[in-house]
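Written below as structure tokens is the structure these notes are about.
The values are calculated or read from the model by the stated rules, or taken from the named source; none is laboratory data. What you see is a predicted model; the values in this text were computed from it and never measured. A quick note on method: Cβ atoms are made from the backbone with ideal geometry, for glycine too, and the neighbour counts reach across all protein chains shown. We work out accessible area using only protein heavy atoms, side chains counted, and drop any ligands, DNA or RNA first. Shrake-Rupley method; radii C 1.70, N 1.55, O 1.52, S 1.80 Å.
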Amino acid sequence: CTTPSRTAKALSAEQVSQPEWQGRISVEVNGEAPSSMSASFLLRGDAKNGELDLYSPLGTTLGALQWTPQFAQLSDGSKHQYFSSLEELTEKATGAALPIDAIFGWLQGRDVSTTGWTADLSAISQGSLSARRTTPSPEVTLRIKLDQ
Amino acid sequence: SSLDTLESFLKSTKSGRADFTQVVTSPAKAGQTTVRSKTSTGQFSFVRPTRFRFDYVKPFPQVIVADGQTLWLYDADLEQVTARKQTQALGSTPAALVATAADLSALQKEFTLDAQPDADGLQWVQATPKNRESTIQSVRMGLRVDGVQVSLGKLEIFDAMGQRSVLSFERFEVNPANLGAAQFNFVTPKGVSVIRP
């Protein structure tokens, strides 16, 4: 996608006062090339316009993801990378393409269905949720624990 | 100068243990005025040259252990252990600064060091990563001198995204007798999955 003319930081008004979630996230990818990441996070906005910041336990930023209908961007301070989709962006940052739209729903306790994923919201009232992707392979396990 | 104090800290403090309070401050988001900050507490210990651990207690249990080969991160709530090769993970992280460098020149391979004025009763050194790719902009170390002994009072980490993390250390034990390599062997808790990339 083309690099946007306006800077990434110029967010529109309705993006300013938006729902947000803070906690920890882990993404585990099984299969031949297994990978795992875990980080603290701040998630704001929605699947159309939003931000996901990932932090190490020591408080340093691992990556800042930002998306609007025009672009999907990952920055880590020294460089910005643009992606053609939110799935590609989340795959680069966490190792797996995450169903961001469904995640926003799950965090609000709504058992949104999304192809290939099944979510367990049984402990969402304590701020815990997990979801597993069975298709396409490799299998992916997502876990989120919200700060209480 | 504070660089000499840092040199003596690296040379004379072979191991250490202290309680820490960590306050991470994030810049306000676009359109928001409130700066966000998160406080956590725990215990930090290290044995030069390759072992250290952060045992976070509050607000939730989390463990970071460097055992000499592998850097382990265990999050009890997420029931997950992440393991990285220590050489890849350390590079220019602040923990490497404090706990593993054998002397000033070892540190200067990774960081540009500048003496800074004393403040808060501590002697300060600023370290800037030489690796431009690093997401860490700079680290400031506040050293406490008690007579002959040098210990660490504060560690301030500034990252390129405006995050500021300040670790304050208390009850710092220098070269405690009962601290050795054995305290840095990470054992994966039962029923927890481990993926070693």
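Remarks
- Residues within segment A:108-126 that are surrounded by 14 or more Cβ atoms within 10 Å (Cβ to Cβ) and over 19 Å from A:E28 (Cα atoms), tallied: 2
- Residue that is surrounded by the most Cβ atoms within 10 Å (Cβ to Cβ), among those in segment A:62-107 that are closer than 26 Å to A:R132 by Cα and within 11 Å of chain B (Cβ to nearest Cβ): A:A64
- Residue satisfying condition, being at pLDDT 90 or above and closer than 29 Å to B:I157 by Cα, within set A:A72, A:A47, A:A10: A:A72
- Pick from segment B:130-150, criterion in contact with a Gly (Cβ under 8 Å, 6 or more places away or on another chain) and not aliphatic (A, V, I, L, M), ranking: surrounded by the fewest Cβ atoms within 10 Å (Cβ to Cβ): B:N131
- Any hit, segment B:178-190, residues being in contact with a Ser or Thr (Cβ under 8 Å, 6 or more places away or on another chain) and on the phi > 0 side of the Ramachandran plot: no
- Counting the residues of segment B:1-14 that are modelled with pLDDT under 95 and either farther than 18 Å from B:L155 by Cβ or assigned to a strand (DSSP E or B) (or both) gives 4.
- Filter result for A:S36 (open to solvent by less than 10 Å² (accessible area, probe 1.4 Å), modelled with pLDDT under 95 and not in a helix (DSSP H, G or I)): yes
- Residue list for segment A:125-140, restricted to those being in contact (Cβ under 8 Å) with a residue 24 or more places away in the chain and either of a type outside the set (A, V, I, L, M, F, W, C) or on the phi > 0 side of the Ramachandran plot (or both): A:G127, A:R133, A:S137, A:P138, A:E139
- Any strands (runs of 3 or more DSSP E) falling wholly within segment A:49-124 and containing at least 1 residues that are without any contact (Cβ under 8 Å) to a residue 24 or more places away in the chain and polar (S, T, N, Q): A:61-67, A:80-83, A:117-120
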